[in-house]
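K.L.:
Right, I'll just put the structure down here and ask away after.
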Amino acid sequence: MSTRRRASGAGRRKADKPKPPASRTAPKSKKRSGQRRAGRAISRRAAGGPAPKARADSSTSAGPAPKARPRLRIDILTLFPGIFESVFKHSLLGKAAARGLIEVGIHDIREHAEGRHKVADDAPYGGGDGMVMKPGPVVRAIEKARGEVGWVILTTPAGALLTQARARALSAREHLVIVCGRYGGVDERVSQIAVDEEISIGDYVLGGGEPAAIVLVDAIARLVPGVVGNAESTIEDSFEAGLLEYPQYTRPASFRGLDVPAVLLAGHHGDVSRWRREEALRRTRERRPELLDKETAADLRRASKKKETP
Ligand code: 6GU
């Protein structure tokens with residue numbers, strides 16, 4: 001279905017998720033079925049078709065990890081590889097890696113820089129603060145890491161906002177390459193030549209893309225089948241239903257004068273579900289009203305009406 005377009009000159013469309021409107025390189029197209037980088041033979045699937053379904057389910061069973069192919073490989077390209085060491089060792093991801101579900105590689109972009117000093121950044125043309133990552137080392141690092149099906153993501157505050165839906169889609173891929181941009185930015189030609197998608201983790205500016213990459217990997221990894229114990233637990237998360245999560249309680253039933261809501265102690269599953277849904281809606285309305293689409297707003301009205309007329 002997706003006809004791969006050979007990028008003419010610098011024009012290379014971001015497949016899948018286009019860059020935010022600022023993009024000058026992306027020709028307008030309603031279709032998300034995308035094309036990838038120019039001049040590279042790629043599989044249909046990699047060419048921006050629907051993300052691959054999770055692979056055959058033989059490895060989800062409990063017990064010692066099957067040491068076959070991991071479900072997801074993630075390669076991170078950075079100027080600061082040390083940042084990732086302890087983070088990934090001490091997280092959910094560390095355990096997933098130990099069980100062979102996810103494989104993570106950290107790569108120093110500077111290794112692809114030239115000259116005795118291995119310079120990987122330079123002052124911006126046109127002036128301004130900060131240093132800009134040079135295109136050569138970044139593109140070479142990407143080309144070495146991405147293989148045949150690697151989906152290349154650049155972390156940048158100028159990217160499209162990360163959402164739970166986006167994280168879920170990315171978790172179904174088999175190989176992600178995450179390039180950590182730095183504060184001053186990355187030469188735009190890197191995106192034109194070798195990046196499939198630019199992602200931001202929120203409307204604030206970080207000193208570098210590394211913390212964003214950690215956030216991204218965490219959000220994606222826990223959605224890979226088998227990483228979080230109970231598959232249902234990720235389905236009930238905040239945002240999966242488009243709502244914030246309902247309040248949770250554990251023992252003791254009374255703490256410093258605050259009691260756990262009686263409905264949770266009574267053991268009536270239907271009542272508990274209803275209560276949770278109402279609480280999730282109430283919280284969302286109070287804290288993040290923009291998350292409520294028309295449909296949920298209607299639900300919310302129904303829920304609060306029921307409350308008023310018992
Ligand atoms: Cl991905 N990078 C940087 N430097 N700042 C950010 C960001 C990314 N997302 C939000 N702020």
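K.L.:
Please list, by residue number, every one of the trypsin sites (Lys or Arg not before Pro) in the stretch 174-279 that is coil in DSSP and has at most 13 other beta-carbon atoms within 10 Å.
P.N.:
Hits after loop and neighbour filter: 256.
K.L.:
Sorted by packing (mean other beta-carbon atoms within 10 Å per residue), highest first, where do 135-141, 117-123, 191-197 land?
P.N.:
Order by mean packing, descending: 191-197, 135-141, 117-123.
K.L.:
Along the charge dipole of the stretch 157-263, pointing to its positive end and built from +1/-1 on Cβ of Lys, Arg, Asp and Glu, which listed residue (165, 208, 260) has its Cα farthest out?
P.N.:
Checked the options; the winner is 260.
K.L.:
Using modelled backbone amide H atoms (1.01 Å from N, in-plane), which distant-in-sequence or interchain residues come within less than 5 Å of residue 75's amide H?
P.N.:
Residues meeting the criterion, in which the H sits 1.01 Å from N, are 105, 176, 177, 178.
K.L.:
Once you put a point 7 Å from the Cα of residue 286 and another 7 Å from the Cα of residue 140, both along the Cβ direction, what distance in nm separates them?
P.N.:
5.6
K.L.:
Continuing with this model, one more query. Tell me the label-point distance for the pair residue 273, residue 293, using the 7 Å Cα-to-Cβ offset, in nm and rounded to one decimal.
P.N.:
That separation, rounded to one decimal, is 2.2 nm.
K.L.:
If I take all pairs of Cα atoms in the stretch 72-221, what percentage of them are more than 21 Å from each other?
P.N.:
For the stretch 72-221, the fraction of Cα-Cα distances above 21 Å is 41 percent.
K.L.:
Can you compute 3J(HN,Hα) from phi for each residue in the stretch 237-251, using the Karplus curve 6.51 cos²θ - 1.76 cosθ + 1.60 with θ = phi - 60°, rounded to whole Hz and x for Gly and Pro?
P.N.:
Working through the residues one at a time gives 4, 3, 6, 5, 9, x, 10, 6, 6, 6, x, 10, 9, 9, 5 Hz.
K.L.:
Taking the DSSP beta bridges in the stretch 72-221 as the whole, what percent of them are antiparallel, to the nearest 5?
P.N.:
Approximately 10 percent, going by the DSSP bridge assignments.
Every number here is computed from the coordinates shown, using simple stated rules; none is lab data. From a predicted model like this one, the values you see are computed outputs, not experimental measurements. Neighbour counts are summed over all protein chains in view; Cβ atoms, including those assigned to glycine, are modelled from backbone coordinates with ideal geometry.
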